[in-house]
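For reference, the structure discussed in these notes is given below.
The values are calculated or read from the model by the stated rules, or taken from the named source; none is laboratory data. It should be emphasised that the depicted structure is a prediction, and the values quoted were computed from it without experimental measurement. Glycine also receives a Cβ, built like all others from the backbone with ideal geometry; neighbour counts cover every protein chain displayed.
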Amino acid sequence: MESLLQWLGWNRLQRRGDALVLRFRDSTPPTPAPTPASTGGTETTALELTPWSIARLTVITAEVIDRPCQAALEAARSARCCLSRFWIAAPLDALETLFSGPIGEVYRQLLAGALPALPLTAAESAWRDQLAAVLAAGFEQPGSVNALLALLPYLDREAMQVTNPLQHLPAWLVPLYAERCDPGLSAQPSSARTMPQLPPVSALPPPLPELAPITGAAAMALIGDAGFLGRVKGLINLYGLDPGDPEICRDLGLGRRQVAQVWLDVESEQLESLYRTPFGQLTDTLIASPFLREPLSPDERALRQQLAELAADLQHPRALNALIAALLYYPMDQVSLPADPDLLPPWLAESLTRLGARASTHGSAFA
């Protein structure tokens, strides 16, 4: 049976040693080697340049938003590396001009896509860490703004914050920084922006875990992907026929991770709407499957515990997201309805009751 991992196209990023292989699909055919020309008895070689194209990068960043697939993600990874190294090499006194022009536009388009939220390869992580080390030396260091521009495409939203950003960042960069790293900054009244008081990183709610390599906008595309829905439903049916098949268990485990990832990524106010779609029906089918009684790996047990803890933290803005994801890892006889009916939205409480959840006799939703 074809592995779900292969079917989803995961782990196809081409690498050579420890370096990224920068390869754009649909690239122009290789140019023939230059022919030596003779001028006055002196043999010279014609210089041929193959510049990278902003137009091509624009197409790549649009494709990964409009039609996210593995090929688009691979091309976007290469584009990200190209843009990141461009900002490192850009002259300090030209940054604002470049940022306001076409190269800045394609850069902002790439940030708006799914790529910054995806897990990094080893080479990408090493590059990210190098850039972070530059910023750790302080924004008084020359090139720190270059490093920040180069680093942002490798960070998910709100993954970092700059101390006193209005003092350390140029005014033209503050709106993008606020959008990507600190949405609360843009909401401050103008009189308060001269001396911003930002919460420390430790005060931020703990982030949700990443369960699958396809996250963000790319994961959202799976909601209406009939092929993905049919594949996971087919694996649930196959497990019912042959629960002892290790390949079915492995592939269904990967499918469960991806389904749970969608629930973590969707906006909290859209949870009920998503639950009433075929994707929600697939989730119910998976929750009711005896597959949830399969032993978990140590990694899965750790993730399940993390999800349960986040679901129990009612102050966390995505506690309900974590709860639905956690339900995919607990047999229903280990799930308890809260004693206070107001803690769950009616649509979810009704669904859990229908699936067999028990009335709570203790504080935790999971036994």
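Just give me the residues in the stretch 312-367 being among the aromatic types (Phe, Trp, Tyr) and at pLDDT below 80, in sequence order.
Step one: of the stretch 312-367, the residues among the aromatic types (Phe, Trp, Tyr) are 329-330, 347, 366.
Across the stretch 312-367, the qualifying residue is only Phe366.
One residue is enough: does the stretch 356-364 have a residue meeting the conditions of a type in the set (Val, Ile, Thr) and assigned to a loop (DSSP other than H, G, I, E, B)? Yes, the stretch 356-364 contains a residue that is of a type in the set (Val, Ile, Thr) and assigned to a loop (DSSP other than H, G, I, E, B).
Quick check on the stretch 144-157. Is at least one of its residues within 18 Å of Ile88 (Cβ to Cβ) and not in a helix (DSSP H, G or I)?
Step one: of the stretch 144-157, the residues within 18 Å of Ile88 (Cβ to Cβ) are 144-155.
From what's left, not in a helix (DSSP H, G or I): 155.
Taking every residue of the stretch 144-157 in turn, at least one turns out to be within 18 Å of Ile88 (Cβ to Cβ) and not in a helix (DSSP H, G or I).
Scanning the stretch 71-102 for residues that are of a type outside the set (Phe, Trp, Tyr), crowded, with 18+ Cβ neighbours inside 10 Å and under 19 Å from Leu173 (Cα atoms) yields Arg80, Leu83, Ser84, Ala90, Leu95. Where helices (runs of 4 or more DSSP H) fall wholly inside the stretch 72-143, the ranges with 2 or more residues that are within 30 Å of Ala219 (Cα to Cα) are 102-112, 122-136. If I filter the stretch 175-190 for residues that are over 30 Å from Leu323 (Cα atoms), at pLDDT 85 or above and in contact with a Ser or Thr (Cβ under 8 Å, 6 or more places away or on another chain), do I get at least one hit? Checked the stretch 175-190: at least one residue is over 30 Å from Leu323 (Cα atoms), at pLDDT 85 or above and in contact with a Ser or Thr (Cβ under 8 Å, 6 or more places away or on another chain). The single condition among (1) of a type in the set (A, V, I, L, M); (2) touching a residue at least 40 places away in the same chain (Cβ under 8 Å); (3) under 17 Å from Ser273 (Cα atoms) that Ala349 does not satisfy is (2). Evaluated against (1) at pLDDT below 95; (2) buried (at least 19 other Cβ atoms within 10 Å of the Cβ), Asp299 falls short on exactly one condition, (2). When the residues of the stretch 100-117 are filtered to those that are aliphatic (A, V, I, L, M) and over 14 Å from Glu63 (Cα atoms), the one that is modelled with the lowest pLDDT is Ala117. Do we have any residue at all in the stretch 291-306 that's assigned to a helix (DSSP H, G or I), closer than 25 Å to Leu235 by Cα, polar (S, T, N, Q) and touching a residue at least 12 places away in the same chain (Cβ under 8 Å)? Within the stretch 291-306, not a single residue is assigned to a helix (DSSP H, G or I), closer than 25 Å to Leu235 by Cα, polar (S, T, N, Q) and touching a residue at least 12 places away in the same chain (Cβ under 8 Å). If only residues of the stretch 302-340 that are of a type in the set (Gly, Ala, Ser) and under 23 Å from the mean Cα position of the chain (by Cα) are counted, the one that is surrounded by the fewest Cβ atoms within 10 Å (Cβ to Cβ) is Ala302.
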